[in-house]
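Working notes, beginning with the structure itself.
Any read-out appearing in this document is the output of simple, stated calculations on the displayed coordinates, not a laboratory observation. Just so we're clear, the structure is a prediction, and the values are computed from it rather than from any experiment. Backbone-built Cβ (ideal geometry, glycine too); neighbour counts: all protein chains shown.
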Amino acid sequence: MTQVESDNFAEGVKPHVFPREEAAPETKPTQAPAAISTGDGPLAIISDIHANLEALTEVLAEIDRQGIKKIVCLGDVVGYGPNPLECIDLVMTRCEFSLMGNHDFAIFFEPYNFNQAAENAAYWTRTQFENDTDRERRNKRWRYLGTMPTRMNNHRFVCFHGSPRRPINEYVFPDDIYTAPQKMAAIFDRFERLCFVGHTHVPGVFVPDPDFYAPEEVNNRYTISSERAMINVGSVGQPRDRNPKASFAILHDDSVEFVRVAYDVQATVDKVRAIDALDNFLGARLLDGR
Ligand code: ZN
């Protein structure tokens with residue numbers, strides 16, 4: 001990564017090179033590569049904040065209340081929601097790193113496979129990034145967004161926004177265990193022990209049978225064994241499992257805990273409603289978490 005000379009992000013920032021899946025293991029992350037050592041206590045894993053400041057604030061408060069010192073983010077810091085700048089600033093300050101999600105990609109590069117509401121939100125978000133008159137702050141955000149890694153790993157786990165096959169864009173849904181067993185097998189072939197993902201906004205545990213356990217089926221705590229597991233931590237800012245509370249996970253020594261946190265959903269809904277470029281549905285869906 002070279003230093004940014006210009007304040008024009010398109011010219012000044014060298015974009016991260018997105019490897020084909022064969023090349024992925026050699027990818028050199030540009031943010032804090034050694035920062036996810038978990039030898040010193042529990043690790044909070046958050047994902048899919050989607051510019052929802054009320055949800056992120058409550059999740060960070062819960063993490064602090066529990067005395068957890070390290071946080072990592074699996075991407076989609078922005079997109080859909082009304083507070084992209086505040087959310088990326090908090091993630092830059094509080095997280096060891098953030099992976100690149102498809103919405104982060106959309107802001108920095110281009111929206112890919114987005115519906116109209118998501119695309120409109122992406123362009124509005126880009127405008128917010130561009131309109132900050134503080135050049136240094138603006139460059140810092142662009143640089144952070146443009147250098148988000150697509151995978152991270154340590155001795156305990158590997159993590160992606162979408163999946164080990166297609167880190168940014170592949171959805172792995174609970175139904176895939178029935179409808180796409182070959183897809184599940186191909187995904188489980190690509191990691192050794194423990195894998196964390198986000199992207200679908202549906203928390204739970206995939207095992208190689210294949211099978212899927214929603215958090216309530218494991219009493220919100222999955223015990224780590226020698227069996228491989230791919231764990232979706234759910235979404236902080238736009239849960240879609242019919243539970244409107246913000247979702248995240250905590251990696252302990254021998255288990256993964258699923259946590260839900262209540263926040264002022266109506267405040268976020270009202271903010272979305274007040275911004276013309278954001279479809280009201282993007283707020284309204286938060287009320288019932290779907
Ligand atoms: Zn997302």
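The DSSP beta bridges internal to the chain are antiparallel in roughly 65% of cases.
So if each residue of separation counts as 0.36 nm, and I subtract the Cα-Cα distance between ALA185 and TYR171, what length gain in nm does that give?
On the way: separation 14, 0.36 × 14 = 5.04 nm, distance 1.45 nm.
Roughly 3.6 nm would be gained on extension.
The charge dipole of region 37-288, taken about its Cα centre with unit charges on the Cβ of Lys, Arg, Asp and Glu (plus for the first two, minus for the last two), comes to roughly 540 debye.
Would you list ILE168, ILE49 from fewest to most Cβ contacts within 10 Å? Please list the in-between numbers first.
Working: ILE168 24, ILE49 35.
Fewest to most other Cβ atoms nearby, the residues stand as ILE168, ILE49.
How would region 115-169 be classified by its alpha-carbon gyration tensor: rounded, prolate or oblate, with rounded meaning a/c under 1.5 and the a/b versus b/c comparison settling the rest?
Working: a/c = 4.74, a/b = 1.52, b/c = 3.11.
Taking the square roots of the gyration eigenvalues as a ≥ b ≥ c, region 115-169 is oblate.
Quick one: check the C-alpha center-to-center distance for region 92-123 versus region 214-283, whole angstrom. Going from one Cα centre to the other spans 18 Å. Most tightly packed first, judged by the mean number of other beta-carbon atoms within 10 Å of their residues, the peptides 250-256, 61-67 read 250-256, 61-67.
Tell me whether region 193-233 comes out rounded, prolate or oblate; compute the Cα gyration tensor, take square roots of the eigenvalues as a ≥ b ≥ c, and use a/c under 1.5 as the rounded threshold. It is oblate, given that a/c is not under 1.5 and a/b is not larger than b/c. Farthest toward the positive end of the dipole of region 93-152, out of LEU145, GLY101, ASN120, is the Cα of LEU145, where the dipole comes from beta carbon charges about the Cα centre. Across the chain, C-alpha contacts under 8 Å between residues 6 or more apart give a mean separation that, scaled by the residue count, equals a relative contact order of 21 percent. Between SER255 and ILE224, the built amide H atoms are under 5 Å apart, and every one of these is 5 or more places off in sequence or on another chain.
Just going by the charge dipole of region 197-290, with Lys and Arg at +1 and Asp and Glu at -1 on Cβ, which of GLY198, VAL269, GLN238 is farthest out on the positive end? Projecting each Cα onto the dipole axis, the largest value belongs to VAL269. Here, the chain has an Rg and a Dmax of 17.9, 53 Å when only alpha carbons are counted.
Rounded if a/c is under 1.5, else prolate if a/b is larger than b/c, else oblate: which is region 166-238, with a ≥ b ≥ c the root eigenvalues of its Cα gyration tensor? Note, shape of region 166-238 comes out rounded.
What does the charge count near GLY234 come to, summing +1 for each Lys or Arg and -1 for each Asp or Glu among other residues with Cβ under 10 Å from its Cβ? Mind dumping the intermediate values first?
Numbers: positive: ARG240, LYS245, ARG260; negative: ASP48, ASP241.
Net local charge, GLY234 excluded: +1.
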